[in-house]
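The values are calculated or read from the model by the stated rules, or taken from the named source; none is laboratory data. Just so it is clear, the model here is predicted, and its values are computed rather than measured. Here Cβ is always computed from backbone atoms with ideal geometry, including for glycine, and neighbour counts include all displayed protein chains.
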Amino acid sequence: MSDDSKSYDGPERVFSGMQPSGDLHLGNYLGALINWVRLQDEHECVYCIVDMHAITVPQDPKKLASQTREIASAWLAAGIDPERAMVYAQSSVPAHAQLAWIFNCVARMGWVERMTQFKDKAGKDSERASVGLFTYPVLQAADILAFKGTHVPVGEDQKQHLELSRDIAEKFNRDFDAPGFFPQPEPLIQGPGARIMSLKDGTKKMSKSDPSDLSRINLIDDADTIAKKIKKAKSDSDALPSETEGLEGRPEAANLVGIYAVLAGQTTAQVLSEFGGDGFGRFKPALAELAVEKLSPITSAMRDYMADPAQVDRILEQGAARARDISEPILAEVRRIVGFWGS
């Protein structure tokens, strides 16, 4: 930690976000949402549906607002409490965009060019990608620092972007002689469910962008669909081992055992002590039953929220109002530090 980060003496605040694109799935729930629910009991939390990030790639404008409500519904159903955590849409809080422009002028081209996610998303046709996709991680830095976020729950794929946020915070403080103004946000490494893999390929992360719906369990799936997907999940012909070492080189088996462990609140070793020696003919039905038991209440609550969009809109607006109350004074001070007229 740099001397600059040590000089920050403001309140601790957690920031995290998720795009409103595609159905949320088991990987989102076990990898992020159960962690977010826990964090709201321990910290002040800001949870943002990042619709501005979403439009860095083409979106259907007729669907974007409804997808935002659907993501909010999933969060609320999973246990995010809007009385304790702020839940809102990124585009409804102007500080995100305004601070992002200032940070675009603080960040260096070389820093952003090193971000591997742009190369992954843009592919070989990077010259046709939007400028927004290139500067995506700068907007991420603004998302966090518009609230002086001190902690960010991250997976492996976001560590590089968090490092950029730290670099931008440090350079802003140094360039404008404002030591300790922005904190250097620290990662909160997510729990054991952070790497839930595809049901069709145990070497790939479960993803809502996978063309096969059988690769994931969506939070909106009913009990029959969940059971069918687990039954069809890729496995192998060997029995489950009795020791965790026996899962090495068996990515699909390791994934299914890992899903069971997180859903049951057990370790992998505990699961194998019960199912070691059994084939998938016994294990998969047990996993399906457990998944339905844990996910059905969330699915039911999510459907209830989605059936009442006015209620979800009220929650989003209340969250946005609270978010503006925090971010606007911070942005006003940024404007003064930068030297903007009227600040």
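One line per residue, one yes/no per condition, for (1) surrounded by 17 or more Cβ atoms within 10 Å (Cβ to Cβ); (2) touching a Pro at 6+ places or on another chain (Cβ under 9 Å); (3) in a loop (DSSP other than H, G, I, E, B):
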{"site": "77", "(1), (2), (3)": "yes, yes, no"}
{"site": "132", "(1), (2), (3)": "no, no, no"}
{"site": "138", "(1), (2), (3)": "yes, no, no"}
{"site": "144", "(1), (2), (3)": "yes, yes, no"}
{"site": "147", "(1), (2), (3)": "yes, no, yes"}
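Can you work out which of the residues in segment 302-343 that are of a type in the set (S, T, N, Q) and surrounded by 13 or more Cβ atoms within 10 Å (Cβ to Cβ) is nearest to residue 103 (Cα to Cα)? Taking the candidates together, the pick is 327. Residue count for segment 322-343 under the criterion of being without any contact (Cβ under 8 Å) to a residue 60 or more places away in the chain and either among the aromatic types (Phe, Trp, Tyr) or part of a helix (DSSP H, G or I) (or both): the result is 7.
One line per residue, one yes/no per condition, for (1) touching a strand residue (DSSP E or B) at 6+ places or on another chain (Cβ under 7 Å); (2) more than 23 Å from residue 301 (Cα to Cα):
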{"site": "200", "(1), (2)": "no, yes"}
{"site": "208", "(1), (2)": "yes, no"}
{"site": "226", "(1), (2)": "no, no"}
{"site": "229", "(1), (2)": "no, no"}
{"site": "242", "(1), (2)": "no, yes"}
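Per the conditions (1) at pLDDT below 95; (2) in contact with a helix residue (DSSP H, G or I) (Cβ under 8 Å, 6 or more places away or on another chain), the sole criterion not satisfied by residue 92 is (1).
Of the residues that sit in segment 59-75 and are surrounded by 22 or more Cβ atoms within 10 Å (Cβ to Cβ) and of a type outside the set (D, E, K, R), which one is farthest from residue 42 (Cα to Cα)? Going through the qualifying residues, I end up with 68.
So which residues in segment 46-61 are farther than 11 Å from residue 88 by Cβ and assigned to a helix (DSSP H, G or I)? Within segment 46-61, 52, 53, 54, 61 meet the criteria.
The residue of segment 111-130 that is modelled with the lowest pLDDT, among those that are of a type in the set (A, V, I, L, M, F, W, C) and not in a helix (DSSP H, G or I), is 115. If only residues of segment 171-209 that are assigned by TED's automatic domain parsing to the domain that holds residue 151 and in contact with a Ser or Thr (Cβ under 6 Å, 6 or more places away or on another chain) are counted, the one that is surrounded by the most Cβ atoms within 10 Å (Cβ to Cβ) is 183. Among the residues making up segment 300-317, those that are assigned to a helix (DSSP H, G or I), more than 13 Å from residue 90 (Cα to Cα) and not aliphatic (A, V, I, L, M) are 300, 303, 304, 305, 309, 311, 313, 314.
Name every residue in segment 91-110 that is surrounded by fewer than 24 Cβ atoms within 10 Å (Cβ to Cβ), touching a residue at least 12 places away in the same chain (Cβ under 8 Å) and assigned to a helix (DSSP H, G or I), in order of residue number. Scanning segment 91-110 gives 91, 92, 95, 97, 98, 100, 102, 104, 106.
Of the residues 260, 305, only one is aromatic (Phe, Trp, Tyr), touching a helix residue (DSSP H, G or I) at 6+ places or on another chain (Cβ under 8 Å) and closer than 20 Å to residue 71 by Cβ; which? Being aromatic (Phe, Trp, Tyr), touching a helix residue (DSSP H, G or I) at 6+ places or on another chain (Cβ under 8 Å) and closer than 20 Å to residue 71 by Cβ holds for just one of 260, 305, which is 305. Please verify whether segment 66-76 includes one or more residues that are more than 15 Å from residue 311 (Cα to Cα), of a type in the set (Gly, Ala, Ser) and outside the structural domain of residue 217 (by TED's automatic domain parsing). Checking segment 66-76: not a single residue is more than 15 Å from residue 311 (Cα to Cα), of a type in the set (Gly, Ala, Ser) and outside the structural domain of residue 217 (by TED's automatic domain parsing).
Considering segment 211-220, the residues that are assigned to a loop (DSSP other than H, G, I, E, B) and over 14 Å from residue 28 (Cα atoms) include one that is modelled with the lowest pLDDT, namely 211. Look at (1) exposed (fewer than 15 other Cβ atoms within 10 Å of the Cβ); (2) closer than 20 Å to residue 183 by Cβ; (3) acidic (Asp, Glu); (4) modelled with pLDDT of 95 or more and you find that residue 42 fails only one, number (4).
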